[in-house]
Amino acid sequence: MFLDIDGTLAGFVDDPALVAIGEPTRRVVHRLQTVFGGALGILSGRCLAEIDALFDPLVLPAGAMHGHEHRDADGTFSLRAPSPESAAKVGAMARAQVAGLAGVTLETKRDIGFALHFRRVPAQAAATIAAAEAIASASEGEYEVQHGACVAELKPAGADKGAALQRLMQNAPFHGRRPVMVGDDFTDEFAFAAATRLGGFGVVVGTREPTVARYRLAGPAAVHGWLERLVQEEMP
C-alpha cells in the first residue's frame, strides 16, 4: 500500500503548514503497516521531515518531495538534489516572482523545492503557472514544473512518484507484492501507472479526470473508511 497525504489522508487547507493527520488516521495507518508486514509507504510532495512530524511516532518508508528524498523500510536514506548554486538561483527567482503575485504564497522544501500556491487566489492561476514555467526554463534543465491542485511546484528534474514507487518495490517488504497507490492529484498519476505496470492498481481520490486509476474514492473520509475496512478484513 502506498498513500499520498494532502487531499488523500487529509483535506486541503489554504496553508499547507496547517494540515494535520488525526489520531484515528495515524492509528489505522499503523495497524495497516502491521497487517502488511511493514509494506506500507508514503509518497508525497512534502519533505521527509514534514511526513515524520505528521505521522509521529511512526517512521514509514517514503518517497518524499516526489521521490527526491527516499527512505527504505530498513531506514536507508538518500537525497537527490540539484547543485546548491542552481537551487539558490531558482529559490531567489521564485521569491521574486511571488512578491509580485498578490495572494500567492511560496512553500520552500528543504531549500531545493519551491511550491507556488494559489489556492487563496484562483484568479492568479495562469500568472503563477507562467511564472513557474519561466523559472524552470531559466534553470537550464535542472528544474521542472510539477502541476498540482492550486499549485505550481518547481522541483528538481528527474524524479516522480512513479519512480519512487518502483524503487520501494525493489526491496523488502514490498518486493514480490502487488502495489496499490491511493492519491488525488496529477502527481499521483505517475504512481498509478507504475502500480499498474507492476500488477497492481491505483485508487484516485475525488472527481479529477482523466486518470489511469482503476478505482475511485470520494474524499479523505472515504479513504479512512476504506482503510478501516481493510484492517478489519485482514486482521485475524
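The values are calculated or read from the model by the stated rules, or taken from the named source; none is laboratory data. Please read these numbers as outputs of a predicted model, since none were measured by experiment. Cβ atoms come from the backbone with ideal geometry, glycine included; neighbour counts cover every protein chain shown. To get the accessible areas, we keep the full protein, side chains included, count just its heavy atoms, and leave off ligands, DNA and RNA. Shrake-Rupley method; radii C 1.70, N 1.55, O 1.52, S 1.80 Å.
Data table
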| read-out | value |
| --- | --- |
| Placed amide H near TYR143: partners under 5 Å, 5+ positions off or other chain | ALA157 |
| Exposure ranking of CYS47, CYS150 by accessible area [1.4 Å probe, largest first] | CYS150, CYS47 |
| Nearest-20 debye value, the chain charge dipole, Cβ charges on Lys, Arg, Asp, Glu | 400 |
| For region 127-137, Karplus couplings with θ = phi - 60° (6.51, -1.76, 1.60), whole Hz, Gly/Pro x | 5, 5, 5, 4, 5, 5, 4, 5, 5, 4, 4 |
| For region 152-167, Karplus couplings with θ = phi - 60° (6.51, -1.76, 1.60), whole Hz, Gly/Pro x | 10, 9, 8, 10, x, 5, x, 9, 7, 5, x, 5, 5, 4, 4, 5 |
| Full-extension gain in nm, ALA99 to ASP14, via 0.36 nm per residue minus C-alpha separation | 28.8 nm |
| Alpha carbon centroid spacing (whole Å) that separates region 6-44 from region 142-185 | 16 |
| Under Karplus coefficients 6.51, -1.76 and 1.60, residue-wise ³J(HN,Hα) of region 169-180 in Hz, glycine/proline x | 5, 6, 10, 4, x, 7, 4, x, 9, 9, x, 10 |
| Spin-label pair ARG229/ASN171, simplified geometry with 7 Å Cα→Cβ offset, distance in nm | 3.4 |
| Amide hydrogen neighbours beyond the local backbone of LYS109, cut-off 5 Å, H modeled | PHE114, ALA115 |
| Full-stretch length increase - ALA123, ALA157 - with 0.36 nm per residue and alpha-carbon distance subtracted | 9.5 nm |
| Equivalent-ellipsoid semi-axes of region 6-92, from the Cα gyration tensor, Å, largest first | 26, 18, 9 |
